[in-house]
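The values are calculated or read from the model by the stated rules, or taken from the named source; none is laboratory data. This is a predicted model, so every value here is computed, not measured. Neighbour counts run over all protein chains shown; Cβ positions are idealised from the backbone, glycine included. When the accessible area is computed, the model is the full protein with side chains, heavy atoms only, and any ligands, DNA or RNA have been set aside. Shrake-Rupley method; radii C 1.70, N 1.55, O 1.52, S 1.80 Å.
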Amino acid sequence: MITTGGVNVTGAELKKLRINRCLTQRKLAELLGYKGRGGEMTVQNWEYDKQPIPLKHFRALSKILDVPLEKFIP
């Protein structure tokens, strides 16, 4: 589980939402402003719970993944 400032989302849940929207890790990273392989690795680290998702991305993720923002907030 990723915990950042009281917000928690599992990497597995993020991966499921991403796959449901037919997005690759790289494409999701690009939509969030990351570039190339480094961005892909960032999303991979989030999905494997190796790195927390920055809070600044939650609003964008809710729009990109078409889920309510509350999905990311416990």
Q: For region 33-51, name all the residues that are surrounded by fewer than 17 Cβ atoms within 10 Å (Cβ to Cβ) and in a loop (DSSP other than H, G, I, E, B).
A: Gly33, Lys35, Tyr48, Asp49, Lys50, Gln51
Q: Output the qualifying pairs, or none if there are none: Cβ atoms under 6 angstrom, residues six or more apart or on different chains, first residue in region 50-74 and in contact (Cβ under 8 Å) with a residue 24 or more places away in the chain, second residue outside any helix (DSSP H, G or I) and open to solvent by 80 Å² or more (accessible area, probe 1.4 Å).
A: Leu65/Arg21
Q | So Leu23, is it outside any helix (DSSP H, G or I), modelled with pLDDT of 90 or more and either open to solvent by 20 Å² or more (accessible area, probe 1.4 Å) or at negative phi (or both) | A | yes
Q: Please enumerate the residues belonging to region 58-71 that are buried (at least 16 other Cβ atoms within 10 Å of the Cβ) and either farther than 17 Å from Ile19 by Cβ or polar (S, T, N, Q) (or both).
A: Phe58, Ser62
Q.
Which pairs turn up if I take residues in region 19-31 that are without any contact (Cβ under 8 Å) to a residue 40 or more places away in the chain and look for partners that are in a loop (DSSP other than H, G, I, E, B) and open to solvent by 90 Å² or more (accessible area, probe 1.4 Å) with beta carbon separation below 8 Å, at least 6 apart in sequence or on another chain?
A. Ala29/Lys35
